[in-house]
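Below is one structure; the comments refer to it alone.
The values are calculated or read from the model by the stated rules, or taken from the named source; none is laboratory data. Being a predicted model, the structure only gives us computed values, none of them experimental. Cβ coordinates were reconstructed from backbone atoms using ideal geometry, including for glycine residues, and neighbour counts include every protein chain displayed. Surface areas here come from the heavy atoms of the whole protein model, side chains and all, with no ligands, DNA or RNA. Shrake-Rupley method; radii C 1.70, N 1.55, O 1.52, S 1.80 Å.
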Amino acid sequence: DQWSDKDFMPDFFLNGTYGMVPNFVGGVELHDHQTWQEWYSQKKKMGYHKIKDMTLVNNHRYRQTRFLSQCSHHLVKKYPPLNNNNNSNSNKGSSTNNALYMATLDTDEYLVVNPWRVRKHRRPPPEQERRTSWKLLGPGSVLKWLVDYLQKQQQTQTQGNKDTTNNCIQVPRLLFGSVENNHNNGTTKDVTHGLVHGNGTTKPPKLKLIDRSISPMETLRWKYHAAWNDTRNFQQKVVLDLYRIPNDDELWKDHFNSVHRPSRKYCAPETPDNNGGSLIVGNNVTVPASPLTAFHYIGSMERYFARPNDLRRNEKRYRQRSNLTFAREVGWIDQWLEQFVQSVGIQTASILLKDYIVEIDNDDDSKESKSDDEDDDDKEDSDDDSDDKSDKDDDSDEDDDSNDKGQAQLEEK
């Protein structure tokens with residue numbers, strides 16, 4: 001489903017009565033206790049231009065949290081538990097063994113298996129089908145890893161002690177900057193897979209190795225990231241099991257508390273440094289590493305400033321957040337394009353990723369095509385027919401109140 005404002009925003013917002021929006025500015029804990037107009041009207045130093053600018057910020061935060069709340073209602077109604085045929089209200093807080101996962105990620109954040117947790121994971125017996133699912137980016141690998149993790153959590157619970165930590169799983173974010181790789185030298189090139197099409201040829205794209213610096217895909221181009229405990233990673237996002245959130249929780253009201261902590265009862269408080277980095281690397285016995293991580297890409301300067309009227313973005317802030325060289329990602333996510341093409345086929349992949357195809361002038365296919373065209377001048381029509389049949393990734397938000405529409409990702413088990 002794809003929504004616009006009219007699908008999820010209240011009438012007063014659509015009519016431009018923004019003063020009625022709950023206040024999300026000023027570090028206020030309870031947004032519904034004051035409207036935006038009630039809050040700023042008490043501030044003596046809030047002039048016309050300041051109010052106008054901050055109204056955009058407040059509207060953005062409301063739209064984001066309102067979208068996620070309405071999306072949650074929609075998903076529970078659309079995907080009821082397999083053993084429950086009643087109305088949607090009875091699905092919330094259900095004791096069903098089914099699960100309905102929704103992630104509060106933005107479009108520049110990618111949910112991945114936590115690579116640092118994988119390294120510490122003991123490989124299960126060979127007869128188990130999933131033993132390499134998290135090492136290869138195959139279909140459903142992230143979901144399989146998450147389900148395995150949650151099942152293990154349930155098995156270790158004390159009998160009779162109802163655990164609620166899996167209702168809302170914290171997902172630490174790891175920020176990737178825009179520092180280009182420096183691995184290109186005379187003998188070794190830093191390459192990644194890309195869908196390549198030669199200019200001047202009618203042949204379909206092919207999966208080939210290309211220089212990483214020309215990849216149009218964020219996850220394949222940018223490799224250097226911040227430290228696990230760097231405050232530039234900002235607050236965590238979450239994965240919610242919507243079936244396990246009770247009907248009376250604030251999550252089901254007009255809007256979420258925030259994208260970082262939708263429910264103050266079931267979601268742990270967020271921190272700007274991934275709880276000292278422990279949510280990624282597990283360096284604190286009281287804060288285990290999360291099974292998942294969100295790779296967050298700031299991208300190029302052009303991409304960063306592509307969103308108009310975002311008052312939080314400026315060149316100084318971009319330099320601060322993009323100059324990251326703590327470590328280079330080991331290549332786990334580099335597999336995804338190759339595995340995707342293998343799974344769906346080059347034709348389907350080329351259609352779905354048509355905006356990310358790399359045009360290369362000196363591609364071998366282009367040269368072959370031109371040569372074939374010259375040779376084919378004197379050939380029969382049947383030869384031409386034979387030739388025809390031969391081959392057929394906003395900045396997110398700065399505080400992180402990012403993408404206005406937000407992104408809800410779900411998986412149903």
Check: Restricting attention to region 320-330, and to residues there that are surrounded by fewer than 17 Cβ atoms within 10 Å (Cβ to Cβ) and in a loop (DSSP other than H, G, I, E, B), which single residue is modelled with the lowest pLDDT?
Finding: Val330
Item checked: Of all residues making up region 281-298, the number that are crowded, with 21+ Cβ neighbours inside 10 Å and part of a loop (DSSP other than H, G, I, E, B) -> 4
Notebook entry, point to check: Got a sec? Which strands (runs of 3 or more DSSP E) wholly within region 178-272 have at least 3 residues that are under 25 Å from Arg321 (Cβ atoms)?
Noted result: 237-241
Next item on the list: Return a yes/no flag: does region 239-252 have any residue that is under 19 Å from Arg173 (Cβ atoms), out of contact with any Cys (no Cβ under 9 Å at 6 or more places or on another chain) and at pLDDT 95 or above.
Entry: no
Check: Which residue, of Arg303, Arg317, is closer than 30 Å to His193 by Cβ and either open to solvent by 40 Å² or more (accessible area, probe 1.4 Å) or in a loop (DSSP other than H, G, I, E, B) (or both)?
Finding: Arg303
Notebook entry, point to check: Going by the structure shown, is Ile333 open to solvent by less than 60 Å² (accessible area, probe 1.4 Å), in contact with a strand residue (DSSP E or B) (Cβ under 9 Å, 6 or more places away or on another chain), at pLDDT 95 or above and of a type in the set (Val, Ile, Thr)?
Noted result: no
Notebook entry, point to check: Would it be correct to say that Thr164 is under 22 Å from Asn274 (Cα atoms), at pLDDT below 80 and open to solvent by 20 Å² or more (accessible area, probe 1.4 Å)?
Noted result: yes
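Every residue, every condition in (1) among the charged types (D, E, K, R); (2) modelled with pLDDT under 90; (3) open to solvent by 40 Å² or more (accessible area, probe 1.4 Å); (4) not in a loop (DSSP other than H, G, I, E, B), yes or no:
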position	(1), (2), (3), (4)
Asp1	yes, yes, yes, no
Asp7	yes, no, yes, yes
Gly26	no, yes, yes, no
Trp39	no, no, no, yes
Arg61	yes, no, yes, yes
His74	no, no, yes, yes
Pro81	no, yes, no, no
Ser90	no, yes, yes, yes
Thr96	no, yes, no, no
Check: Filtering region 244-280 down to residues that are open to solvent by 50 Å² or more (accessible area, probe 1.4 Å) and charged (D, E, K, R), which residue is nearest to Val76 (Cα to Cα)?
Finding: Arg244
